[in-house]
Structure formats: C-alpha cells, structure tokens
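**Student:** Once you've had a glance at the structure underneath, I'll fire off some questions.
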Amino acid sequence: MTLNLRQLQTSAPDFEAEFQRVLHWSAEADHAIEERVATILADVKARGDAAVLEYTQRFDGLQAGSVAALELTREELKAALEVITPAQRQALEAAAARVRSYHERQLQACGLSWSYRDEDGTLLGQKVTPLDRVGIYVPGGKAAYPSSVLMNAIPAQVAGVGEIVMVVPTPARSAGSNVARGEKNALVLAAAYVAGVHRAFTIGGAQAVAALAHGTATIPRVDKITGPGNAYVAAAKRRVFGQVGIDMIAGPSEILVLADGSTPPDWVAMDLFSQAEHDELAQSILLCPDAGYIAQVRAAIERLLPGMPRRDVIRASLEGRGALIHTRSMEEACEISNRIAPEHLEISAREPQRWEPLLRHAGAIFLGAYTSESLGDYCAGPNHVLPTSGTARFSSPLGVYDFQKRSSLIEVSAAGAQVLGPIAAELAYGEGLQAHAQAAEFRLTDRTAKDT
C-alpha cells in the first residue's frame, strides 16, 4: 500500500497554500471535553477525596476505600527499582545522572541570587527561591513514561523544591471493557525513586489535576503542575492556571529535519517515524535542497514502514500532517524552519554548526547526523518537555527556572533616597498619586528637617 505523503517544492506557485495546509492544526478545545472537565474540577474542589475516588473508579476502574490507599510509599518505589532488570536499572540511573548534571549547570547559569550597590549605597538585586511544592503529571494507561518522570522531577529537585508530588494513572481496564491493563509500571515507579519524588498517587485525568490544584484531605495543594497528558489533562491545566502555575499546554509532538543529503536515508526516515509513532496528529517534516535525496528518504520510508509495530499510527501521522519539502537551498530551509518553530529540530548535515546560527526558533536543536531526537527524549541531558505548535517562538524547554521564582531586592540608603525621592515624586504627581509622591518626599533630608 503506497503511502500518501505530501511532497512540496518551495519553487512551486502553490507552495504557500499547500504549506499552510501542512501546518494547520486546530488547538481549539472540544466543547464537550471542556464542559466535562469543568464539572470534574468543581466537584473535586467541593468534595475532595470523595470525588477523586469516584472519578478514579469511573474512569480507571480502580476501587479503593480511600485516596490514601492510592498513595505509593517510598518503600514501594524503592522496591520497584530492585525488581526491574539490571539493564533497565543501569539505563535509568545513567539517564538520571545526565539529566541531573545538565540541570545543575543550568542552576549555576541562571538560578542564583545576586545583588550590587550603586554609587549612592543603594542595594539592588534578585533573590531566587524554589517553589514549596510542585505536582508532576506522568501519563499512563496506553503506555508507560519513565522518561517523563526524570524530566519533570529532576529539575524540580535540582531547583530545591521542598516537596514533589507525582500523579500517574494506572487504569485497571480500558473504557467499556473488563480487560485488565495499565498495572503499576515498575520502571515508572523506579524512575520516581531515582528522581527524588516525595509522594506519589495512582490517580490521573482531570481529577488528578483538580486535586493537585485545590488540595484534598489526602492530596496536598501544589504551587505548580507540570507534565503532559491527554486532552482532559490539558483542558484541566488550562482551567486551573492562575490558581496554580503550569508549564505549558502541549500540542501534538513535532520533528523537523533539515538535511543536506549527507545522512543515510534510513536514519532520516526512522527519525521521522520517531515522532509520527506518538499519535496520528504528530507532525514529521523534512526540508532538503536535494530532490534526489528526498526520493531516497521516501523510498526508505516505504521500505521500513511495514516493519514498524506502530505502522498504522505512523502512516496516519505522515499522511495527515507530514511532508517532504524540496527547498531552493539550505538557507531557505532555515528560513522555513524559523516560520515553523518546531518542537524538535534536527540539523542532519555535514556542517551543522554552519546552519545553527541561522535558526532562531526551536524547542531543541539536534546537531549532526549522529544526534537523533530520541537521544534527547531519554538520556542526553537537556529536558524533553518542549514547546509545540509554534510556541517555541516565545517559549522555552522545561528547566530549573520553571521551579523557581524571583523576588526583587531593594535597599535604599539615606543618600539614595535624596536622589530617587524627587524622581519618584515627580512621576507620582504626574499620575495623580499624591500618597506615592509624599511617601518619597517624607524621606528627603530638607523635608525631614522642616518636620522637626
């Protein structure tokens, strides 16, 4: 069965219209989902644990006498580390070490307090403090994501967050079925132990987001919620933002490969598959100035696809939102990449450093043929929670800075008050705020002398 994958040329007169069709994705939330989520959030806020138990039984098929029974102890997390295979444990601990090392460097670069005194003796600065408590949402049910545990919990731990609360659904059956699935995944629990999670609950969905945002008798209220989830989780995070912080509203996963034709075509084909296999709405795009190479990549896709376990999902993704785009040059490919602002951007070229300065907007940039996006997903070190749907134009990867807040420090000396007071008073009078002005004027030396 031939794959119906778009091939575009930037030199074609209809390129712009076809390109916009490739990029189009509606982020509008389903109204039915929004209404259902609003009901769940309000119910959990009003009834707490009782509502969480009810929805966990209804949606995940898990029956428990209390929410406390759904909490995983540190001993259970440690036990999971002991039962996974030696190879899994070695991989998990190696990945965690690299992720922790990267975020520790990030902390040194941007996460420290600082201050200075100006010529008047006034102290100005910034005080950086970690959040008290954060909640991390780890997807579950269809698959297990220990990498999501590492990428959310480790930067929070490095930032110095006081308490990290994890929620992860472990559905007992699929919707409308009695087929058992989604049992507690040992690799996910082991990752929670390695990453320093303090408390963990086997709940998911909008009810888990509501519990974290509002708190219940058993589940503590957090200051911020991070981590990906399904449409219900995204809708819930959107609704609780403002009561708590959130990382981002994630859209479908994306990969953009800039290729000069020097990388084996099979490698690029598999890199495109690596995002397409996530779900049918994921997007995989190749930009290349070499038409012959594009044909080789397409042939590799056709040859390799039948052997992929998730070939139906990959096919739907590539046919629905994928594209192979022939550009006039690598420079033009870089321009188009900046328009797309992809989540993952691979520069699969002999001289990736030549093109990297031309690229302004991307969640993560992978330099060179050997740097597959999948290495970034699991163990390279930088965070894999990245902005999607073009939001890399103004958003950044999850990092230590997402688990910290900054307070300004100001200490004005007596001499400094004489300099700043008249400036502040003049501007305050201009705004019609007399109390502001006089608060500054009261501290002026000549005013103080008059008052005495």
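The values are calculated or read from the model by the stated rules, or taken from the named source; none is laboratory data. Since the model is a prediction, treat every value here as computed from it, not as a measurement. All Cβ positions, glycine included, derive from the backbone under ideal geometry; neighbour counts span all protein chains shown.
**Student:** Within the bounds of the range 302-310, is there any residue that is of a type outside the set (F, W, Y) and within 26 Å of the chain's Cα centre (by Cα)?
**Tutor:** Yes: the range 302-310 contains one or more residues that are of a type outside the set (F, W, Y) and within 26 Å of the chain's Cα centre (by Cα).
**Student:** Give me the residue from the range 214-237 that is among the hydroxyl-bearing types (S, T, Y) and not in a helix (DSSP H, G or I) and, out of that set, surrounded by the most Cβ atoms within 10 Å (Cβ to Cβ).
**Tutor:** T226
**Student:** Show the residue pairs meeting these rules: Cβ distance below 6 Å; 6+ apart or different chains; first residue within the range 59-76 and outside any helix (DSSP H, G or I); second residue among the charged types (D, E, K, R).
**Tutor:** Pairs found: G61/R173.
**Student:** Continuing with the same structure: Return the residue satisfying two criteria in turn: it lies in the range 249-273 and is surrounded by fewer than 22 Cβ atoms within 10 Å (Cβ to Cβ) and modelled with pLDDT under 95, and of such residues it is farthest from F394 (Cα to Cα).
**Tutor:** P252
**Student:** Do we find that T391 is closer than 30 Å to R117 by Cβ and either in contact with a helix residue (DSSP H, G or I) (Cβ under 6 Å, 6 or more places away or on another chain) or polar (S, T, N, Q) (or both) in this structure?
**Tutor:** no
**Student:** Suppose we keep only residues that are in contact with a helix residue (DSSP H, G or I) (Cβ under 7 Å, 6 or more places away or on another chain) and part of a helix (DSSP H, G or I) within the range 201-213. Which one would you say is farthest from G399 (Cα to Cα)?
**Tutor:** Q207
**Student:** Pick out the one residue from A210, A186, A195, A200 that is among the aliphatic types (A, V, I, L, M) and surrounded by fewer than 21 Cβ atoms within 10 Å (Cβ to Cβ). Spell out how you get there, then give the answer.
**Tutor:** Numbers: A210 fails: surrounded by fewer than 21 Cβ atoms within 10 Å (Cβ to Cβ); A195 fails: surrounded by fewer than 21 Cβ atoms within 10 Å (Cβ to Cβ); A200 fails: surrounded by fewer than 21 Cβ atoms within 10 Å (Cβ to Cβ).
Selected residue: A186, the only one of A210, A186, A195, A200 that is among the aliphatic types (A, V, I, L, M) and surrounded by fewer than 21 Cβ atoms within 10 Å (Cβ to Cβ).
**Student:** Which of the residues spanning the range 282-302 are surrounded by fewer than 15 Cβ atoms within 10 Å (Cβ to Cβ) and either in contact (Cβ under 8 Å) with a residue 12 or more places away in the chain or not in a helix (DSSP H, G or I) (or both)? Give the steps one after another, and end with the answer.
**Tutor:** First, pick out the residues of the range 282-302 that are surrounded by fewer than 15 Cβ atoms within 10 Å (Cβ to Cβ): 291-292, 295, 299, 302.
Those that are surrounded by fewer than 15 Cβ atoms within 10 Å (Cβ to Cβ) and either in contact (Cβ under 8 Å) with a residue 12 or more places away in the chain or not in a helix (DSSP H, G or I) (or both): A291, G292, A299, E302.
**Student:** Another question about this same structure. With the structure loaded, tell me whether I325 is part of a strand (DSSP E or B), touching a residue at least 60 places away in the same chain (Cβ under 8 Å) and closer than 24 Å to F394 by Cα or whether it fails that test.
**Tutor:** On the way: part of a strand (DSSP E or B): yes; touching a residue at least 60 places away in the same chain (Cβ under 8 Å): yes; closer than 24 Å to F394 by Cα: no.
Considered against the rule, which asks whether it is part of a strand (DSSP E or B), touching a residue at least 60 places away in the same chain (Cβ under 8 Å) and closer than 24 Å to F394 by Cα, I325 comes out as no.
**Student:** Continuing with this model, one more query. Pairs please, first residue from the range 234-259 and of a type in the set (F, W, Y), second anywhere and surrounded by fewer than 24 Cβ atoms within 10 Å (Cβ to Cβ), Cβ atoms under 9 Å, 6+ apart in sequence or on different chains.
**Tutor:** So the pair list comes out as F241/I249.
**Student:** Moving on. For G245, only one of the following conditions fails: (1) surrounded by 24 or more Cβ atoms within 10 Å (Cβ to Cβ); (2) assigned to a strand (DSSP E or B). What is its number?
**Tutor:** It is condition (1) that G245 fails.
**Student:** With the structure loaded, tell me whether A87 is within 19 Å of P146 (Cβ to Cβ), modelled with pLDDT of 95 or more and not in a loop (DSSP other than H, G, I, E, B) or whether it fails that test. Can you show your working first?
**Tutor:** Numbers: within 19 Å of P146 (Cβ to Cβ): yes; modelled with pLDDT of 95 or more: yes; not in a loop (DSSP other than H, G, I, E, B): yes.
The answer is yes for A87.
**Student:** Could you please find all residues in the range 343-365 being over 17 Å from H278 (Cβ atoms) and crowded, with 18+ Cβ neighbours inside 10 Å?
**Tutor:** Across the range 343-365, the qualifying residues are I347, S348, A349, P352, W355, L359, H361, A362, I365.
**Student:** For A32, all conditions in the list (1) of a type in the set (A, V, I, L, M, F, W, C); (2) without any contact (Cβ under 8 Å) to a residue 24 or more places away in the chain; (3) under 29 Å from K405 (Cα atoms) hold save one; what is the number of the exception?
**Tutor:** Tallying (1) of a type in the set (A, V, I, L, M, F, W, C); (2) without any contact (Cβ under 8 Å) to a residue 24 or more places away in the chain; (3) under 29 Å from K405 (Cα atoms), A32 fails exactly one: (3).
**Student:** Sticking with this structure for a sec: Can you tell me which of G61, G111, G140, G125 is surrounded by 17 or more Cβ atoms within 10 Å (Cβ to Cβ) and out of contact with any helix residue (DSSP H, G or I) (no Cβ under 9 Å at 6 or more places or on another chain)?
**Tutor:** G61
**Student:** Exactly one of these conditions fails for G390: (1) touching a residue at least 12 places away in the same chain (Cβ under 8 Å); (2) in the same structural domain as L272 (by TED's automatic domain parsing). Give me its number.
**Tutor:** Here G390 meets the rest and fails (2).
**Student:** Here is a follow-up. Suppose we filter A79, A50, A12, A46 for residues that are over 28 Å from the mean Cα position of the chain (by Cα), assigned by TED's automatic domain parsing to the domain that holds E280 and of a type outside the set (V, I, T); which single one remains?
**Tutor:** A12
**Student:** Of everything in the range 98-123, what is outside any helix (DSSP H, G or I) and either of a type in the set (D, E, K, R) or over 30 Å from M151 (Cβ atoms) (or both)? Give them in sequence order.
**Tutor:** Correct list: S115, Y116, R117, D118, E119, D120, G121, T122, L123.
**Student:** Being farther than 30 Å from E34 by Cβ and either of a type in the set (V, I, T) or modelled with pLDDT of 95 or more (or both) is true for just one of I203, I164, I136, I154. Which residue is that?
**Tutor:** One residue alone meets the criteria, I154.
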